[in-house]
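S.K.: One structure, pasted below without further comment.
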Amino acid sequence: MTPAELQQAKALLLRQLPLGESSEDAVAGALLARAQLNLPLDEAARAAKRYISLSADDIRLAFAKWIRPDGFAQVVRGPAAK
C-alpha cells in the first residue's frame, strides 16, 4: 500500500462517518445502537481519530488477523438463459 493509497482510504472512511448520520433519524438510530452495544456515544469521533492514526503496517496486521481469503466465496455470473 502506497502512502497515497493509505491517505485515500482514510479520506474515504472519514467522509463516510458524517454521511451515516445525515438525518435526525440516523443520528437517533446511531445513538440508540451505541447505547445498546455499551459503546461511548462519541464512538464516531473516536473512530475518526483511530482511522487517522493507522499506518499501513497496522492495516496489514489487521488483515492477517481477521481476513481469511480461503473462506471467501466466489460468485460467477454466466450467460443469460435463452
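The values are calculated or read from the model by the stated rules, or taken from the named source; none is laboratory data. Please read these numbers as outputs of a predicted model, since none were measured by experiment. Because the Cβ atoms are built from the backbone with ideal geometry, glycine has one as well, and the counts that use them run over all protein chains shown. Heavy atoms of the whole protein, side chains included, go into the accessibility calculation; ligands, DNA and RNA do not. Shrake-Rupley method; radii C 1.70, N 1.55, O 1.52, S 1.80 Å.
S.K.: Before we move on, is ALA26 under 13 Å from the mean Cα position of the chain (by Cα) and open to solvent by less than 60 Å² (accessible area, probe 1.4 Å)?
M.R.: Considered against the rule, which asks whether it is under 13 Å from the mean Cα position of the chain (by Cα) and open to solvent by less than 60 Å² (accessible area, probe 1.4 Å), ALA26 comes out as no.
S.K.: Can I ask one more? In region 29-41, how many are open to solvent by less than 80 Å² (accessible area, probe 1.4 Å), out of contact with any Gly (no Cβ under 9 Å at 6 or more places or on another chain) and assigned to a helix (DSSP H, G or I)?
M.R.: 5
S.K.: Spot the failing condition for LEU14; the list is (1) open to solvent by less than 90 Å² (accessible area, probe 1.4 Å); (2) more than 14 Å from the chain's Cα centre (by Cα), and only one is missed.
M.R.: (2)
S.K.: Just checking, does region 42-63 include any residue being among the charged types (D, E, K, R), surrounded by 11 or more Cβ atoms within 10 Å (Cβ to Cβ), at pLDDT below 90 and in a helix (DSSP H, G or I)?
M.R.: Looking through region 42-63, at least one residue is among the charged types (D, E, K, R), surrounded by 11 or more Cβ atoms within 10 Å (Cβ to Cβ), at pLDDT below 90 and in a helix (DSSP H, G or I).
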